[in-house]
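Student: One structure coming up, written as structure tokens, with questions to follow.
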Amino acid sequence: MDTTTLNPDKVDAFVGQFVTDFGAALFAPLVVLGDRLGLYKALAAGGRQTAADISTRTGIRERSVAEWLRANAAAGYVTYDAPTDSYALSPEQEFTLADESSPAFLPGAFQIALSVGRDIDRITDALRSGRGYGWDEHDALLFEGTERFFRPGYAANLVDSWLPSLDGVVDKLVAGARVADVGCGHGASTILMAQAYPASRFVGFDFHAASIDAARKRAAEAGVADRVTFQVAGADDFPGKDYDLVTLFDCFHDMGRPIDAARHIARALSPGGTLLLVEPQAGHDVADNLNPVGRVFYSASTTICTLNAIRYGAADSPVLGAQASDADLERALAAGGLTSVRLATSTPFNRVFEVRP
Ligand SMILES: C[S@@+](CC[C@H](N)C(=O)[O-])C[C@H]1O[C@@H](n2cnc3c(N)ncnc32)[C@H](O)[C@@H]1O
């Protein structure tokens, strides 16, 4: 190329962005390590501490702890006090990194990122061949990371905001409703609903057997196994009829045959039943999504969501992807007979639709 046409300021700016991004990529394993080794929780437990203090609390060598702390301070994930060579978590850092009950507990997100790295050779082959790559073929870190990253948002929003945004649904759940949570993964959403509405009966379906095993364990641990069951089944063939509520949390856009899924759900709903469809936040077209949130979703969609849809789709199935627009979703739903679609509420990360035949 002709380098005389380069604008040096723009090259500098791009290299600056690259350093930020490269640092973030190299830092991702440190967040998972801090989470696994209890380093963030040790910081939270003791206020301002030196590397030696954290080493004593966790049993990790002081020299390794010091390097981890320095990287975290450089990243803005811990605060550093130079005069005392000590570290602490601000309340906001503790809220997002050390408190598993927080609605904004973030470390699971980095497990998702690392899972893609573990699968990179097979994902390369899947892209090269055009065969796609199923959800079930990913490293198990993806399933655990998804549960841990999504659950806090569901805990914060599902019962308090999303279900009440639907017409008449909460009354039915309180009185006792039949609910199918389709594509339920580890069952975080299913269990939260079951805890809130003891008179209702819930069944979670997912085509990934290992996720259903995990969901059953979670339900037993949560003490709701009397009202929740989990079963391996696809969105286009799950059993049962007359569901008052069917839910799809962050999975419709992953599906190989979303139109068949919509058609099956339309038939499985009771008269007057509702589909709650939760999808990632997205604008109307590509240009609306070229921002940090869009980068997260398009990146995950390239290596995870669209590859699953390709793997299990028919040649003419839409591959929706994590940034499917309202119009894309409405088209797929309508093709399956679900023609009434209303955006009931939203968050910075999610759109919540009330859908009916
Ligand atoms: C991003 S995960 C979301 C899991 C869960 N709903 C949650 O929010 O934690 C997508 C899920 O959809 C499931 N899935 C994808 N296609 C499916 C299909 N056709 N039928 C049933 N489950 C499907 C995957 O196995 C995976 O568990």
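Student: Quick check: pseudo-label points 7 Å beyond the Cα along Cα→Cβ at residue 231 and residue 22, how many nm apart are they?
Tutor: Computed distance between label sites residue 231 and residue 22 equals 5.3 nm.
Student: At 0.36 nm per residue, minus the direct Cα-Cα distance, what do residue 327 and residue 175 gain on full extension? Give it in nm, one decimal, please.
Tutor: Stretched out fully, the residue 327 to residue 175 stretch lengthens by 51.3 nm.
Student: Which value in Å does the Kirkwood hydrodynamic radius of the chain take, with 1/r averaged over all unlike C-alpha pairs and then inverted? The partial results should precede the final answer.
Tutor: On the way: mean 1/r = 0.0454 Å⁻¹.
Evaluated over the chain, this radius sits at 22.0 Å.
Student: Calculate the spin-label point distance for residue 10 paired with residue 136, positioning each point 7 Å from the Cα along the beta-carbon direction, and give it in nanometres.
Tutor: Each label point lies 7 Å from its Cα, and together they span 4.8 nm.
Student: Still on this structure, I have one more. In terms of Cα to Cα distance under 15 Å, which aspartates and glutamates are near enough to residue 241, apart from those fewer than 8 places away along the same chain?
Tutor: Leaving aside aspartates and glutamates fewer than 8 places away in the same chain, those within reach of residue 241 are 181.
Student: Additional query: Place +1 on the Cβ of every Lys and Arg and -1 on the Cβ of every Asp and Glu in the range 310-357, take the dipole about the Cα centre, and give the residue among 345, 332, 317 whose Cα lies farthest towards its positive end.
Tutor: The Cα lying farthest towards the positive end belongs to 345.
Student: Taking only the alpha carbons of the range 150-356, what extent do you get along each of the three principal axes, in Å, biggest first?
Tutor: The Cα atoms of the range 150-356 stretch 45, 33, 32 Å along the principal axes, largest first.
Student: Among DSSP beta bridges whose residues both lie in the chain, state the antiparallel percentage, nearest 5.
Tutor: Around 45 percent of the beta bridges assigned by DSSP in the chain are antiparallel ones.
Student: Something else: Given a Förster distance of 56 angstrom, what is the FRET efficiency for residue 79 paired with residue 167, based on the Cβ-Cβ distance and rounded to 0.05?
Tutor: For residue 79 and residue 167, the calculated efficiency is 0.75.
Student: Treat each spin label as a single point 7 Å out from the Cα along the C-beta direction, and report the residue 101 to residue 241 distance in nm.
Tutor: 4.5
Student: Charges at C-beta only: +1 for Lys and Arg, -1 for Asp and Glu. How large is the resulting dipole of the chain about its Cα centre, in Debye rounded to 20?
Tutor: For the chain, the charge dipole is close to 660 debye.
Student: Just order 2-15, 49-62 by mean Cβ neighbour count inside 10 Å, highest at the front, would you?
Tutor: The densest-packed peptide leads the list: 49-62, 2-15.
Student: With +1 assigned to the C-beta of every Lys and Arg and -1 to the C-beta of every Asp and Glu, and no other charges, what is the dipole magnitude of the range 150-356 about the Cα centre in debye, to the nearest 20?
Tutor: Charge dipole, the range 150-356, about its Cα centre: 380 debye, nearest 20.
Student: Given 93, 50, 26, which one lies farthest toward the positive end of the charge dipole of the range 3-97, if we put +1 on the Cβ of every Lys and Arg and -1 on the Cβ of every Asp and Glu?
Tutor: Sorting the options by dipole projection puts first 50.
Student: What Kirkwood hydrodynamic radius do you get for the range 76-177 when you take the inverse of the mean 1/r over all pairs of distinct Cα atoms, in Å?
Tutor: About 17.1 Å, per the Kirkwood formula over Cα pairs.
Student: Turning to a different aspect of this structure: Rank-order 161-167, 345-351 by packing density, defined as the average count of other C-beta atoms within 10 Å over each peptide's residues, highest first.
Tutor: Ranking the peptides 161-167, 345-351 by packing returns 161-167, 345-351.
Student: Just the Kirkwood number for the range 3-97, please: inverse of mean 1/r across all distinct Cα pairs, in Å, one decimal.
Tutor: Working: mean 1/r = 0.0686 Å⁻¹.
Computed over Cα pairs of the range 3-97, the Kirkwood hydrodynamic radius comes out at 14.6 Å.
Student: Among the aspartates and glutamates, which have Cα under 16 Å from the Cα of residue 41 when same-chain residues fewer than 8 positions away are ignored?
Tutor: Within the straight-line cut-off, residue 41 pairs with 53, 92, 94, 99, 100.
Student: Also, I was wondering about something else. How high is the relative contact order of the range 3-97, in percent, counting Cα pairs under 8 Å that sit 6 or more residues apart?
Tutor: After rounding, I find 25 percent.
Only the coordinates and a few stated rules stand behind these numbers; no lab work does. As the structure is a prediction and not an experimental result, all values here were calculated from the model. Cβ coordinates were reconstructed from backbone atoms using ideal geometry, including for glycine residues, and neighbour counts include every protein chain displayed.
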